[in-house]
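In what follows, a single structure is set out as structure tokens and then discussed.
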């Protein structure tokens with residue numbers, strides 16, 4: 001009788017596994033949509049920090065204390081592209097002459113980063129679909 005219970009429980013677990021995985025994927029997609037971010041997959045750079053662009057949105061990808069961090073490369077004041085100054089470790093807007101320190105400046109918009117196997121997914125602000 002115990003073997004029968006184990007066999008039935010194992011069969012149910014095996015049959016329900018793909019269904020649960022599919023539901024988890026659906027819930028993840030829904031959570032991403034509700035968060036207001038569209039996730040774009042990129043390969044981790046070999047050297048950092050590095051300026052990247054995906055879906056027309058520039059961002060800076062950096063590794064800080066063993067964690068990947070992404071910052072929007074749009075100036076919070078004038079919305080022009082920021083430039084990374086490697087000699088000072090800062091981002092600068094040449095349009096309004098503002099400077100921002102990585103990791104210290106709270107005015108920079110930090111973007112969500114998550115790992116997908118060996119790749120990185122960067123959450124960029126979702127655009128309105130018309």
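Only strands (runs of 3 or more DSSP E) whose full extent lies in the stretch 59-118 are considered here, and the ones with at least 1 residues that are in contact (Cβ under 8 Å) with a residue 40 or more places away in the chain and under 17 Å from residue 49 (Cβ atoms) are 67-72, 113-116. Residue 98 passes every criterion in (1) farther than 17 Å from residue 40 by Cα; (2) modelled with pLDDT under 90 apart from (2).
Taking the criterion of being in contact with a strand residue (DSSP E or B) (Cβ under 6 Å, 6 or more places away or on another chain) and at positive phi, the only residue of the stretch 89-130 that qualifies is 103.
The values are calculated or read from the model by the stated rules, or taken from the named source; none is laboratory data. Keep in mind it's a predicted model, so treat the numbers as computed, not measured. Heads up, the Cβs are rebuilt from the backbone with ideal geometry, glycines too, and the neighbour counts pull from every protein chain shown.
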